[in-house]
Amino acid sequence: MSTTFTRRRFNAAVALSTATTLAPALVRAQDKRIKVGVLLPRSGVQGFIGQSCQKGADLAPAVLKQMYGVDLELMNADTETNVDTARTRAERLIQEGAHVLVGPFDSGAASAIAQVAESRGVPFVINIAAAPQITEQGYKFVFRNFPTAPELVRNGLALIGDLFRATGTVPRTAVYMHVNDTFGQANTKAIQAILPKLDFLPFKIVETISYDPAAKDLTVEVGKAKATGADFLLLVSRLNDAIILRREMVKQRWVPMGIISPGSPGMYENQFYKALGRLSAYCISNVPWYDPKAPLTKTVEAAFKKQNPGDELMFHALNVGYTFEALMVVADAFKRAGSTDAKALTEAIRATDIKNRMMLGGPIKFDAKGQVQGNASACIQNLNLKPTVVLPAAAAQAKPVFPVPEYKRA
């Protein structure tokens, strides 16, 4: 048998070797699965909200598989409502192979995760977090599909003006209470900067009172607020503290014209209704919200009901909606990039233009800083133990009630 190694045999061997060497890369390029590290505060002070967001993450893979034909493998991590934990969990997820990070609801945690993502060169899509500085650092791998605090406050204050006009009321004074975390401080700066410029609002803030969102007792703070005699309470809260604050108001028999949030969570959450029952009534939150008439909302709602029997999407609208949309941004970018390569994914995210969405506002597009533009807010009032759209009029499900009925008898 001849052992001569001809040129033809040599070329065939080289071709076979090259194909074998390139095969893994080819398989990777054709892979339709992407690992997504999902960071949420499923325990700690913000645990109920984190669990609410998780519902949006859990239903996303199946819905997005139908929409984009790609598989999302979720790598879930609990930030425990702790900034340091959020940072270390983000590092761990990347070490364990996460191609992209999503989360984390909290602005402080988002800032920490953004630093990790940027240093490791891994794209990070923020679902909910409003502190403006997050997208003002010149980051290349950080994107946020949520309004900044100034945008939240601007939209929220404008809706307060609409509320007063719709109800024919002219409150002259407000007492402003807010959580003292990163989110609360960002909103406070925005209110201080924006409110004086809005001539159409008839009220002035007579006192500002801050408090720890982890506080177990707000007796002193509520007492100070009541003593101001302000017409209404302007509130930037979280969930647990909003429940404690509302109970303390009842205890101290403080009945202002109403409680209005210019753009914060808490009072429209399911746990707020469960904990307070009828005492949750008439609270108002001017927040980004879902469009109940959007085709994608109907798709997500069907998946939500299937996965959460006995629960309703309306009680998780903001949390589920923005968490789902963050994962939709990932799926959309992954399909277009055709790769889990960090740079390819990042460029694909940067080129996002999604018109088929469930949250109110324009298409999902990111500016040069990675900040989404054009999200809208709605005036949500607690009526009949449900979060109900009362403004803008075109989307309203009921008419706003202001002042609260008890105020007329106070």
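The values are calculated or read from the model by the stated rules, or taken from the named source; none is laboratory data. All figures in this text were calculated on a predicted structure; none of them were measured in a lab. As a convention, Cβ positions derive from the backbone with ideal geometry for all residues, glycine included, and neighbour counts pool all protein chains shown.
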If you check every pair at least six apart or on different chains, which have Cβ atoms under 6 Å apart with a residue in region 303-315 that is within 22 Å of ALA275 (Cβ to Cβ) and outside the structural domain of LEU383 (by TED's automatic domain parsing) first and a residue that is among the aromatic types (Phe, Trp, Tyr) and surrounded by 20 or more Cβ atoms within 10 Å (Cβ to Cβ) second? LEU313/PHE304
Tell me yes or no: at least one residue of region 343-352 is over 20 Å from the mean Cα position of the chain (by Cα), hydroxyl-bearing (Ser, Thr, Tyr) and more than 23 Å from SER52 (Cβ to Cβ). yes
Restricting attention to region 321-350, which residues are free of Cβ contacts under 8 Å to residues at least 40 places away in the same chain and either closer than 14 Å to ALA98 by Cβ or in a loop (DSSP other than H, G, I, E, B) (or both)? ASP341
Unique match (being crowded, with 19+ Cβ neighbours inside 10 Å and small (Gly, Ala, Ser)) among SER210, SER237: SER237
Residues to consider are ASP162, ASP199; find the one that is among the acidic types (Asp, Glu), farther than 25 Å from VAL45 by Cβ and either free of Cβ contacts under 8 Å to residues at least 24 places away in the same chain or assigned to a strand (DSSP E or B) (or both). ASP199
Filter pass, VAL255 being outside any helix (DSSP H, G or I), surrounded by 17 or more Cβ atoms within 10 Å (Cβ to Cβ) and touching an Asp or Glu at 6+ places or on another chain (Cβ under 7 Å): yes
Restricting to region 221-275, give me the number of residues that are among the acidic types (Asp, Glu) and either assigned by TED's automatic domain parsing to the domain that holds PRO41 or in contact with a Cys (Cβ under 7 Å, 6 or more places away or on another chain) (or both). 0
Being within 24 Å of LEU360 (Cβ to Cβ), in the same structural domain as GLY56 (by TED's automatic domain parsing), out of contact with any Gly (no Cβ under 6 Å at 6 or more places or on another chain) and in a helix (DSSP H, G or I): is that true of ILE128 here? no
